[in-house]
Amino acid sequence: MRNMPAVLVVEDEPSIAELIAVNLRHNGFRTTWAIDSATAQRELDDTLPDLILLDWMLPGESGLTLTKRWRSNPRTKEVPIIMLTARGDEADRVAGLDAGADDYISKPFSTRELLARVRAVLRRKAPEPAGEAVTIAGLSLDPGTYRVSYLEQQLKLGPTEFKLLQFLMNSAERVHSRASLLDKVWGDHVYIEERTVDVHVKRLREALGVAGALVETVRGAGYRLTARPMVPLLVPAPLVAGLEKTIV
Ligand code: CA
């Protein structure tokens, strides 16, 4: 069936591969099993899966080597990879993620955790709908043209600031905690700290200039975008003149 996501399981231990495959199939996934790196490569050359579950310790080439190679190949570089490994320490985890793995599961793992991680990675990789253009208190964001402007003046935003602003504008006036923003804007990645949100909110405010006051900090709760900021916006005189002209 077309809608069933396909998962390539690269695992040299048949009992583990079987356990994973049974659980995935039972939950609506199609699975293909590759017992070693050569088989995995042949499978990938033939058909691209929606996700790869890749054992770190394989006979021949390691999962880490395979991850690096697949990430550097234009054909396979977008396929999500979750690494399976018995290695639990931080240095290995970081090495896997640095090589381009999307997530990491330490053996032994529960099938519930496996499914949760697989679904989370697939959700993160799903292309997001562009969404509607929105204007609040003179601030406009258009996902179709990827443009942000305040009172007709174009503003320059980085990709994360754009995504953050889009989320805040689409749920204006609502307060979002840092944890909720991380989940909605960054996806539920374990390696990002809540402090990151503050850094990007600061950058967003700077990029918005005068309109930065629309992004409010709500003490002890988080952030919101509001059309009625506590601190009134100081609109530069030439812009006010321009506004009046367009109104008249
Ligand atoms: Ca193994």
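Observations
- Taking each residue of the stretch 154-172 that is in the same structural domain as His200 (by TED's automatic domain parsing) and looking for partners that are loosely packed, with under 15 Cβ neighbours inside 10 Å and of a type in the set (Ser, Thr, Tyr) with beta-carbon atoms closer than 6 Å, six or more apart or interchain, yields nothing.
- Of the numbered criteria (1) open to solvent by 80 Å² or more (accessible area, probe 1.4 Å); (2) at pLDDT 80 or above; (3) closer than 30 Å to Arg124 by Cβ, the one His200 fails is (1).
- Among the residues of the stretch 43-71, just one is without any contact (Cβ under 8 Å) to a residue 40 or more places away in the chain, charged (D, E, K, R) and closer than 10 Å to Ile81 by Cα, namely Arg71.
- Condition met for Thr76 (in a loop (DSSP other than H, G, I, E, B) and either open to solvent by less than 50 Å² (accessible area, probe 1.4 Å) or at pLDDT 90 or above (or both)): yes
- Subset of the stretch 26-71 (residues that are in contact with a strand residue (DSSP E or B) (Cβ under 6 Å, 6 or more places away or on another chain) and either more than 14 Å from the ligand (Cβ to nearest atom) or in a loop (DSSP other than H, G, I, E, B) (or both)): Phe29, Arg30, Thr31, Thr32, Glu43, Pro49, Asp50, Leu51, Ile52, Trp56, Thr67
- Candidate set: the stretch 167-176, residues that are outside any loop (DSSP other than H, G, I, E, B) and in contact with a strand residue (DSSP E or B) (Cβ under 6 Å, 6 or more places away or on another chain); chosen: the one surrounded by the fewest Cβ atoms within 10 Å (Cβ to Cβ): Met169
- Remark: Phe109 matches the filter, which requires a residue to be open to solvent by less than 50 Å² (accessible area, probe 1.4 Å) and modelled with pLDDT under 90.
- On inspection, Ile81 does not qualify as within 15 Å of the ligand (Cβ to nearest atom), free of Cβ contacts under 8 Å to residues at least 60 places away in the same chain and closer than 17 Å to Val118 by Cβ.
- The set of residues in the stretch 89-147 that are out of contact with any Phe, Trp or Tyr (no Cβ under 8 Å at 6 or more places or on another chain), assigned to a strand (DSSP E or B) and in contact (Cβ under 8 Å) with a residue 12 or more places away in the chain comprises Asp103, Tyr104, Ile105, Ser106, Val134, Ile136.
- Filtered residues of the stretch 1-25 (kept if assigned to a loop (DSSP other than H, G, I, E, B) and within 16 Å of the ligand (Cβ to nearest atom)): Glu11, Asp12, Glu13
- Checking Val22 against (1) among the β-branched types (Val, Ile, Thr); (2) under 24 Å from the mean Cα position of the chain (by Cα); (3) open to solvent by 30 Å² or more (accessible area, probe 1.4 Å), the condition it does not meet: (2)
The values are calculated or read from the model by the stated rules, or taken from the named source; none is laboratory data. The structure presented is a predicted model; accordingly, all values stated were derived computationally and were not measured. Here Cβ is always computed from backbone atoms with ideal geometry, including for glycine, and neighbour counts include all displayed protein chains. Protein only, heavy atoms only, side chains kept; ligands, DNA and RNA dropped before computing areas. Shrake-Rupley method; radii C 1.70, N 1.55, O 1.52, S 1.80 Å.
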